[in-house]
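J.: Got a structure for you, questions after.
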Amino acid sequence: MIFLLIIFNQAIDFEKLYYTATTLLVQFNAEKDSAFDRLIELAQDITYSDTTINFLVSHFDTKVARERHALKNLLKEIGQPAIKGIVEKIDYRGSDEESRSLRQSLWVLGEIGGDSIVEAVARFIKDEQWQVRSAAYTALGKSQSKDALSFLLEGLGDSISLVRKSAYYALSQLASENEIPYLIQGLGDGFFGVRYAAVDGLLRIGEGATNPLVEAIGESRLRDYFIFKVLFHLSGERDEMLELTRHRDPAVRQVIYEGLEDTIILNRCLESEENELLKNYLIERLADLP
Amino acid sequence: MSIVLFLFAQTWLTYLDSSLAFVGLTMEDIAFRSDYTIRDPYRFSIVDSLLISPLNCMDFILSVDSTFWNSSEVKMFKSMVELYQLRVEDDRREFKEALDECYQLIEQAYSETPQGLADVFHKLTVFSPEMTHSIDEERENEQRGDSLVNFLKEEGTTVRYDKLFTAGLRLLSISQRYKEWFKNVDKRSRSIEDVEGAVVYYERCEFGDIVIGDTGKNIYKRDFAIIIDLGGDDTYYYGEQEGMIHMLIDESGDDRYQGDNYSIACGHFGVSVLIDETGDDTYSAENYAIGCGVFGVGILIDKAGDDRYHGNTFTQGAGGFGIGILKDEYGNDIYEGALYAQGFASTYGIGILGDRTGNDMYIIEERYIDEIRYLDHYLSLSQGFSIGFRPDLSAGIGILLEGKGNDYYLGDIFAQGSGYWYGIGAIVDGGGNDNYIAYQYAQGAGTHIAFGLLIDKQGDDNYVAKGVSQGCGHDLSLGILHDREGDDSYVAYDLSQGAGNANGIGILIDESGDDSYSVKKTHNTQGYGDFRREYGSVGVLLDIGGEDGYRLGKDRLLWKNGKYGIGIDWQ
């Protein structure tokens, strides 16, 4: 039986299929799609599944960006059955200091997602390389597994902004009302990737975030901007928020106007607004509203 | 000068700062990192610092522009060498003694360099215009390319660049003061082999032959180390340059320079300087020619006349592991190339094409199909462009500096202020009503951790491109199109006019004039940033003055396109 399997495997030219599935040249697009489909088919065939997945994982160290993207797409399509093969090789970082193989493993595991990736991925959140930490947090977020939540808090204070961004992204995917203080803190972070991730997290939590957000208004212009960005999506026009349409910062006023839908209030804002850009913005906004 | 630049920068930076606030961004958000990948030994340190503070690239390019036009050529060259974090000095020795010293410096520069380096670079950068026939061929080419790049990476450091650039500086200096020596030489009319017409001086030296042609017509049938021609309509036929020092001074006449590969002010494992003082001249060659430095220094200075420059690849101010400069002072000129041309830099290279005045045409011919993206578009990789060998070797600094005149720029894919992989590509155009036409990755486009800038200071200009252009940053790159004055027209199809993509930053700034902004796709143009790697890209369209027309916006209005894209017409 083993002998037969070897013969079968030898008959399939995996390298050729792989090269074809990752061709860069536009004139071979049809062959590329067909090779891609064939690799998926093989991975889903019980006879070839392990061989195919192991073969694909063995290319994780590639330096070529298009191969990395193709590998991600292939293994994402293969899905859960690919996890075991990837996790088995996850400790191989790659042939040089770039840790390409490990980062690819984390990327692909995240794209597949699910509870079963969390343990393997979480081992790398304290890695010495920021790229690896960032990839690990992103994968944890993409897992959509509540099991990942407990690993995230440390990353929120990472000194590297892109790692914080990934940790906040993960938090935005998994947070409950317990994490609202962290997310509000993120609204004032020095890196916009963090601020916008925090916005997404608060929007996902919903109405429960409203009061803590209102209480946090006034600490900094930047944070106010994002607080209003969230508040108007969550709860529409509340009286205590409308008082703030006289916020001294035009960018904050603009984001408030952006959230308002009541034409009477908007007209009142137009009357009091002195900034020409914002006046024109309000005129346009009023014209667009029914 | 620096104060003026500072004040100028303040204006648009202040507007940019205020504009970013409307999408919840600060100036600190306009930043990248220098350690996305492991640093290769050939990356310019200026690229590292600009990745940390990307907007400083404007001051950097404007300072290069200012030095290029306002300093002596020797000083300009020294400032370029400083970008390698090297210092070179001229010791102003007597003519022949200085040439001997140049020769020795060059020998020292390559004393540990393996033979194969020249071939390897050639194989990586000069290729057939034919399309790839099969996927197997694609793979074979890739594998061969990998092995060549590895060799280049390993052996490129064996060149002593301090010695090489010192030799380049010394030869440039000699070329500017040859008359001190010339007036004392014994000039007698004679004829010599390989030169038609009268020669007034001939000498054989260790570094090569010195020839001085008289004021009549001469035809030089081979390459000599030193040619000084006193006038007449001359013809220079080049074989492939063999010696390590080349200096050609032509004092007047409508001249013809005819070469093949490695010719006409090409520093290829050597240094070469060509100065043509006056006349309407024609420069025609193939690859690595016309102000080209490859593991060397090549400088061509044409001071006057309506000139025509024609080459194929690596031409007209092109540098790779060296410096290539083409400087044309006066006249209406035509520049034609096909790839890696007109202010182009490869790895560890600086390539500058500067043209001070005249109505000039910059044409990139359609010869090398862009088979990665299209079956009916062509790679230009030219006109203020820089590219390395991703992911192994960083790009360099490729700049096209235009002074005054109504100019015409034609390219296709990657052109007109565009950078790729840890490098800088830029155009600075000083004045005149200019036409910029390209298809993609053009007109201030940074791609894959790089900088692409187009700065146009004056004139009513037309910008036409399809996409990823006109202030577009793709993949952790910055693309800026900055037009300071004039009634301008911007036409694009998609992902342009202040567009950030894949965590890139794209900015279009128009400071004044009544402008028109036209696009087909409104969802990713005129101040647009997409979402990638779980965070945003930044796109800004900033119009600071004039009565303008938009597809998306209006005068004195702000609009948003995506979470991180903003368009603002301030006045």
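The values are calculated or read from the model by the stated rules, or taken from the named source; none is laboratory data. This is a predicted model, so every value here is computed, not measured. Reconstructed Cβ throughout: ideal geometry from the backbone, glycine too, with neighbour counts over all protein chains shown. Please note that ligands, DNA and RNA were not included when accessible areas were found on the heavy atoms of the full protein model with its side chains. Shrake-Rupley method; radii C 1.70, N 1.55, O 1.52, S 1.80 Å.
J.: Just to be sure I understand: with springs between alpha-carbon atoms less than 10 Å apart, which residue in A:Ile12, A:Ile205, A:Ile125 has the highest mean-square fluctuation in the Gaussian network model of chain A?
T.: Of A:Ile12, A:Ile205, A:Ile125, the most mobile in the Gaussian network model is A:Ile12.
J.: If you don't mind, there's one more thing I want to ask. For B:Ser111, what accessible area in Å² do you get when you roll a 1.4 Å probe over the heavy atoms of the protein chains, rounding to the nearest 10?
T.: Using a 1.4 Å probe on the heavy atoms, I get roughly 80 Å².
J.: Separate question: With the Cα gyration tensor of the protein assembly as shown giving a ≥ b ≥ c as the square roots of its eigenvalues, does the rule (a/c under 1.5 for rounded; else a/b larger than b/c for prolate; else oblate) give rounded, prolate or oblate?
T.: Details: a/c = 2.40, a/b = 1.48, b/c = 1.62.
Verdict is oblate for the protein assembly as shown.
J.: Dipole of the protein assembly as shown (Lys/Arg Cβ +1, Asp/Glu Cβ -1, origin at the Cα centre): which of B:Ile228, B:Ser128, B:Gly432 lies farthest to the positive side?
T.: The one lying farthest along the dipole's positive direction is B:Ser128.
J.: For A:Val118, B:Val464, give me the order by solvent-accessible area with a 1.4 Å probe, most accessible first, ignoring ligands, DNA and RNA.
T.: Putting A:Val118, B:Val464 in descending order of accessible area: B:Val464, A:Val118.
J.: Inside 10 Å of the C-beta atoms of A:56-66, what's the mean count of C-beta atoms belonging to other chains?
T.: The per-residue average across the peptide is 1.
J.: Report ³J(HN,Hα) in whole Hz for each residue of region B:280-287, in order, from the Karplus equation J = 6.51 cos²θ - 1.76 cosθ + 1.60 where θ = phi - 60°; Gly and Pro get x.
T.: The phi angles translate into 8, 10, 10, 10, 9, 7, 9, 9 Hz.
J.: Ok, one more. Could you provide, to the nearest whole Å², the per residue accessible area of region B:230-367 with probe 1.4 Å? Show your work: numbers first, answer last.
T.: Values: 2980 Å² over 138 residues.
Ligands and nucleic acids excluded, the figure is 22 Å² per residue.
J.: Could you tell me the center-to-center distance, by alpha carbons, between region B:137-164 and region B:178-205 in angstrom?
T.: 42 Å
J.: Which shape class applies to region B:345-431: rounded if a/c is under 1.5, otherwise prolate when a/b exceeds b/c and oblate if not, where a ≥ b ≥ c are the square roots of the Cα gyration tensor eigenvalues?
T.: Numbers: a/c = 2.98, a/b = 1.29, b/c = 2.30.
Oblate is the answer for region B:345-431, as a/c is 1.5 or above yet b/c matches or exceeds a/b.
J.: What is the angle, in °, between the Cα long axis of helix B:161-176 and the longest principal axis of the Cα atoms in chain B? Nearest 10 is fine, range 0 to 90.
T.: Orientation of helix B:161-176: about 70 degrees from the principal axis.
J.: Quick one: helix A:276-288 against the long Cα principal axis of chain A, what's the angle to the nearest 10°, folded into 0 to 90?
T.: Roughly 70 degrees, rounded to the nearest 10.
J.: If amide hydrogens are placed 1.01 Å from N in the peptide plane, which non-local residues have theirs closer than 5 Å to the one on B:Gly305?
T.: Those qualifying (amide H under 5 Å, at least 5 residues apart or on another chain) are B:Gly279, B:Tyr330, B:Gly331.
J.: Continuing with the same structure: Looking at region B:117-179, which GluC sites (Glu not before Pro) are DSSP coil and have at most 12 other C-beta atoms within 10 Å of their C-beta?
T.: On the way: sites: B:Glu130, B:Glu137, B:Glu138, B:Glu140, B:Glu142, B:Glu154, B:Glu155; in loops: B:Glu130.
The qualifying sites are B:Glu130.
J.: So what are the ³J(HN,Hα) numbers for region B:455-465, from phi and the Karplus equation (6.51, -1.76, 1.60; θ = phi - 60°), rounded to whole Hz, Gly and Pro as x?
T.: 10, 10, 7, 8, x, 8, 10, 10, 10, 10, 7
J.: Hey, got the dipole for region B:113-198? About the Cα centre, +1 on K and R Cβ, -1 on D and E Cβ, debye to the nearest 20? Please report the intermediate quantities before stating the final value.
T.: Values: 13 positive and 16 negative charges, 227 e Å.
Here region B:113-198 has a charge dipole of around 1100 debye.
J.: Provide the three semi-axes, in whole Å and in decreasing order, of the ellipsoid equivalent to region B:38-82 as defined by the square roots of 5 times the Cα gyration tensor eigenvalues. Don't skip to the answer; put the middle values down first.
T.: Values: eigenvalues 104, 43, 4 Å².
Semi-axes from the Cα gyration tensor: 23, 15, 5 Å.
J.: While we're here: Please check which bits of region B:447-491 a label hung off B:Arg551 would reach, taking the label as a point 7 Å along Cα-to-C-beta and the cut-off as backbone N under 13 Å.
T.: B:464-470, B:490-491
J.: What GluC sites (Glu not before Pro) in region A:97-167 are in a loop by DSSP, with at most 14 other Cβ atoms within 10 Å of the Cβ?
T.: Details: sites: A:Glu97, A:Glu98, A:Glu111, A:Glu119, A:Glu128, A:Glu154; in loops: A:Glu97, A:Glu98, A:Glu128.
When the GluC sites (Glu not before Pro) of region A:97-167 are filtered for loop state and at most 14 Cβ neighbours within 10 Å, A:Glu97, A:Glu128 remain.
J.: Here's another thing I want to ask about it. Taking chain A as the reference, fit the longest principal axis to its C-alpha atoms, fit the long axis of helix A:192-205 to the helix C-alpha atoms, and give the angle between the two in degrees, 0 to 90, nearest 10.
T.: 80 degrees
J.: Please enumerate, by chain and number, the lysines with C-alpha under 22 Å from the C-alpha of B:Lys457, excluding those fewer than 8 residues away in the same chain.
T.: Correct list for B:Lys457: B:Lys327, B:Lys404.
J.: What average count of beta carbons from other chains do you get within 10 Å of the Cβ of residues in B:364-371?
T.: 1
J.: Another question, if that's okay. Taking beta carbons within 10 Å but only from partner chains, what does the mean come to for residues B:531-543? Let's see the in-between values first.
T.: On the way: counts 1, 0, 8, 18, 13, 6, 0, 1, 0, 0, 0, 0, 0.
Mean partner shielding for this stretch: 4.
J.: Would you please give the residues with an amide H less than 5 Å from that of B:Asp355, counting only those at least 5 places away or on a separate chain, with H modeled from the backbone geometry?
T.: It is B:Asp328, B:Leu401, B:Glu402, B:Gly403, by chain and number.
J.: Need the list of lysines near A:Lys146 for cross-linking: C-alpha distance under 28 angstrom, and skip anything on the same chain fewer than eight residues off.
T.: Partners within reach: A:Lys72, A:Lys76, A:Lys84, A:Lys89, A:Lys126, A:Lys165, A:Lys229, B:Lys563.
J.: Positive end of the charge dipole of region A:161-290 (Lys, Arg +1 and Asp, Glu -1 on Cβ, about the Cα centre): tell me which of A:Val199, A:Ile256, A:Ala216 has its Cα farthest that way.
T.: The listed residue farthest towards the positive side: A:Val199.
J.: Right, another one. 222 nm [θ] for chain B, helices only, -39500 (n - 2.57) per DSSP H run of 4+, per residue, to 500?
T.: Numbers: 9 runs with 119 residues, N = 571.
The helix contribution divided over chain B gives -6500 deg cm²/dmol.
J.: Compare the peptides B:83-93, A:70-80, B:279-289 by average per-residue count of other Cβ atoms within 10 angstrom and give them in order, highest first.
T.: Values: B:83-93: 14.2, A:70-80: 18.6, B:279-289: 23.7.
Averaged packing, sorted descending, gives the order B:279-289, A:70-80, B:83-93.
J.: Before we go on, tell me the buried accessible area for the A/B pair, both chains summed, 1.4 Å probe, in Å² to the nearest 100. Mind showing how you got there, number by number?
T.: Working: alone 15090 and 20430 Å², together 31500 Å².
Rounded to the nearest hundred, the buried surface is 4000 Å².
J.: Could you tell me the center-to-center distance, by alpha carbons, between region B:544-571 and region A:105-121 in angstrom?
T.: 42 Å
J.: Give me the percent relative contact order of chain A, please, defined on Cα pairs under 8 angstrom at least 6 residues apart.
T.: Working: 369 pairs, mean separation 23.8, N = 290.
This gives 8 percent for chain A.
J.: Turning to a different aspect of this structure: Under the √(5λ) rule applied to the eigenvalues of the Cα gyration tensor, what semi-axes describe the equivalent ellipsoid of region B:212-356? Give them in Å, descending. Intermediate results must be reported in sequence, preceding the final value.
T.: Values: eigenvalues 94, 53, 28 Å².
Semi-axes from the Cα gyration tensor: 22, 16, 12 Å.
J.: Next up: How much mean residue ellipticity at 222 nm does chain A get from its helices, if each DSSP H run of length 4 or more adds -39500 (n - 2.57) and you divide by all residues, to the nearest 500 deg cm²/dmol? Intermediate results must be reported in sequence, preceding the final value.
T.: Working: 18 runs with 189 residues, N = 290.
It lands at -19500 deg cm²/dmol.
J.: Label region B:385-537 by shape, choosing from rounded, prolate and oblate, from the square roots a ≥ b ≥ c of the eigenvalues of the Cα gyration tensor; if a/c is under 1.5 it is rounded, and otherwise prolate applies when a/b is larger than b/c, oblate when it is not. Walk me through the numbers before you get to the answer.
T.: Details: a/c = 2.04, a/b = 1.25, b/c = 1.63.
Here region B:385-537 falls in the oblate category.
J.: How many angstrom lie between the Cα centre of region B:67-93 and the Cα centre of region B:440-466?
T.: Value for the Cα centre distance between the two parts: 28 Å.
J.: Something else about it: Report relative contact order for region B:425-544 in percent, whole number only (criteria: Cα-Cα under 8 Å, sequence separation at least 6).
T.: Values: 452 pairs, mean separation 26.1, N = 120.
After rounding, I find 22 percent.
J.: Nearest 5 percent is fine: what portion of the DSSP beta bridges confined to the protein assembly as shown is antiparallel? Intermediate values should be presented prior to the final figure.
T.: On the way: 16 of 161 bridges.
Looking only at bridges with both residues in the protein assembly as shown, the antiparallel portion is about 10 percent.
J.: Treating only the Cβ atoms of Lys and Arg (+1) and Asp and Glu (-1) as charged, compute the dipole magnitude of chain B about its Cα centre; round to the nearest 20 debye. All intermediate terms of the calculation are to be shown ahead of the outcome.
T.: Values: 47 positive and 95 negative charges, 291 e Å.
Dipole magnitude for chain B comes out near 1400 debye.
J.: What percent does the relative contact order of region B:504-554 come to when contacts are Cα pairs within less than 8 Å and at least six residues apart?
T.: Details: 79 pairs, mean separation 26.6, N = 51.
It rounds to 52 percent for region B:504-554.
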